[in-house]
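First comes the structure, then the notes that go with it.
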Amino acid sequence: MKILVTGGAGFIGSTLSDVLIARGDSVVVIDSFNDYYDPAIKRANVSALLTSPNFTLHEFDIRDGARVSEVMAAERPDVIVHIAARAGVRPSIDDPVLYEEVNGLGTLNIVEAAKGIGLKNFVFASSSSVYGLNSKVPFSESDPVTCPISPYAATKRANELMLYTYSHLYNIPVTCLRFFTVYGERGRPDMAIAKFTALIDEGHSIPVYGDGSAIRDFTYIGDIIDGVVGAIDTPHAYEIINIGGSKTVELRRVIEIIEEKLGKKAEIDFMDKFPGDVPVTSADVTKAREMIGFDPKVGIEEGIGRYIDWYLAGKEG
């Protein structure tokens, strides 16, 4: 199959691209290499892929509708995995217009360009943030998601709705995957586990918003990729599916695990809770198990251990 991966140089996208190339698919990546974090990290993520004859890279911003249409018409992928987005709950509060432009218009450009190419499947990277202040745990796909509490979350929910419209109008199979706090090798440096690991290792204090009791359903990157591949290989007319580790952990416990794996003690700078942060995320993955054969395997201790091994190896090499 030829699979177009938007945001394919990032954390999730590049890891997915590696797996798809390894199993024999042709991969086309669109990525803008924006400066949300160091673009050199993303270039390193895809450096090995550039030597593969089955890998093609297009470097531009998905807000450029004409360029999206041009590439889509030339490549005519069988499947699109749309991961490209302006990431981050907290930064979206400071610059909501940028988030609406990239996540809203950008997604519209992708699906609009895809409607006439005979697409076999469209897999969209949504977010657990759409659940907002959901008081029922674990979070189920049937729960109401009418009250997002950050611009980022609002854009992801709007994307899900727009994709339903295109699925209905143009018979495009769509699966929206709601990711729950992804971590692991190549992890974004602004995410908690990667950020805390670097700061603790370097002897700096770590910022914790609130008292550390926030509960998250952390999901290891390998499990996330298994879920995405399952969705690629199992098209549906339109579905929303949670992809999470299905086990929750307090942030303070995550810090303890990092301390244990590094053999260093954290200095914690407790700060006020941040607007837009939710107190808990917890995934019900029953639907994922039934519909795409998803089965998360890597627990938080093992996953953090793998990440820290990768981090330390990078420092040495």
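Criterion applied to Ala231, Ala214, Ala194 was being at pLDDT below 95 and either farther than 26 Å from Lys265 by Cβ or of a type in the set (Gly, Ala, Ser) (or both), and the one residue passing it is Ala214. The set of residues from segment 268-301 being charged (D, E, K, R) and either touching a Phe, Trp or Tyr at 6+ places or on another chain (Cβ under 8 Å) or more than 19 Å from Ile200 (Cβ to Cβ) (or both) comprises Asp272, Lys273, Asp277, Asp284, Lys287, Arg289, Glu290, Asp295, Lys297. When we screen Ser26, Ser52, Ser32 for residues that are within 17 Å of the chain's Cα centre (by Cα), within 22 Å of Arg76 (Cα to Cα) and hydroxyl-bearing (Ser, Thr, Tyr), the only hit is Ser32.
The single residue among Gly132, Gly106 that is more than 22 Å from Phe11 (Cβ to Cβ) and not aliphatic (A, V, I, L, M) turns out to be Gly132. If the condition is being without any contact (Cβ under 8 Å) to a residue 60 or more places away in the chain and either within 18 Å of Phe180 (Cα to Cα) or surrounded by fewer than 20 Cβ atoms within 10 Å (Cβ to Cβ) (or both), then segment 92-102 contributes Asp94, Asp95, Pro96, Val97, Leu98, Glu100, Glu101.
Please pick out the residue among Asp64, Asp78, Asp31, Asp38 that is surrounded by fewer than 24 Cβ atoms within 10 Å (Cβ to Cβ) and closer than 22 Å to Val228 by Cβ. Only one candidate qualifies: Asp78. Filtering segment 197-225 to residues that are in a helix (DSSP H, G or I) and buried (at least 21 other Cβ atoms within 10 Å of the Cβ) leaves Thr197, Ile200, Ile221, Asp223, Ile224. Identify, from the list Ile292, Ile268, the residue that is at pLDDT 90 or above, surrounded by 13 or more Cβ atoms within 10 Å (Cβ to Cβ), among the β-branched types (Val, Ile, Thr) and over 18 Å from the mean Cα position of the chain (by Cα). Ile268 is the lone residue from the list that is at pLDDT 90 or above, surrounded by 13 or more Cβ atoms within 10 Å (Cβ to Cβ), among the β-branched types (Val, Ile, Thr) and over 18 Å from the mean Cα position of the chain (by Cα). Of all residues in segment 33-68, those that are hydroxyl-bearing (Ser, Thr, Tyr), touching a helix residue (DSSP H, G or I) at 6+ places or on another chain (Cβ under 9 Å) and either over 24 Å from Ala194 (Cα atoms) or at pLDDT 95 or above (or both) total 2.
Results for (1) hydroxyl-bearing (Ser, Thr, Tyr); (2) in contact with a Leu (Cβ under 7 Å, 6 or more places away or on another chain); (3) more than 30 Å from Phe122 (Cβ to Cβ), shown as yes or no for each residue.
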{"residue": "Asp217", "(1), (2), (3)": "no, no, no"}
{"residue": "Ser246", "(1), (2), (3)": "yes, no, no"}
{"residue": "Arg252", "(1), (2), (3)": "no, no, yes"}
{"residue": "Ile255", "(1), (2), (3)": "no, no, yes"}
{"residue": "Asp272", "(1), (2), (3)": "no, no, yes"}
{"residue": "Phe294", "(1), (2), (3)": "no, no, no"}
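Among residues of segment 227-243 that are touching a residue at least 40 places away in the same chain (Cβ under 8 Å) and surrounded by 21 or more Cβ atoms within 10 Å (Cβ to Cβ), those with a Cβ under 6 angstrom from a residue that is among the small types (Gly, Ala, Ser) and assigned to a strand (DSSP E or B), sequence gap 6+ or separate chain, pair up as Asn242/Ala283.
Total residues in segment 198-223 satisfying the condition of being of a type in the set (A, V, I, L, M, F, W, C) and under 18 Å from Phe180 (Cα atoms): the figure is 4. Cβ-Cβ contacts under 9 Å between residues 6 or more apart (or on different chains), taken from a first residue in segment 247-265 that is on the phi > 0 side of the Ramachandran plot and among the hydroxyl-bearing types (Ser, Thr, Tyr) to a second residue that is assigned to a helix (DSSP H, G or I) and modelled with pLDDT under 95, are absent. Annotation: of all residues in segment 154-196 being of a type in the set (S, T, N, Q) and outside any loop (DSSP other than H, G, I, E, B), the one that is surrounded by the fewest Cβ atoms within 10 Å (Cβ to Cβ) is Thr165.
The values are calculated or read from the model by the stated rules, or taken from the named source; none is laboratory data. Treat the numbers as computed from the prediction; the structure is a model and nothing was measured. Every residue, glycine as well, gets a Cβ built from its backbone with ideal geometry; the counts of neighbours run over all protein chains shown.
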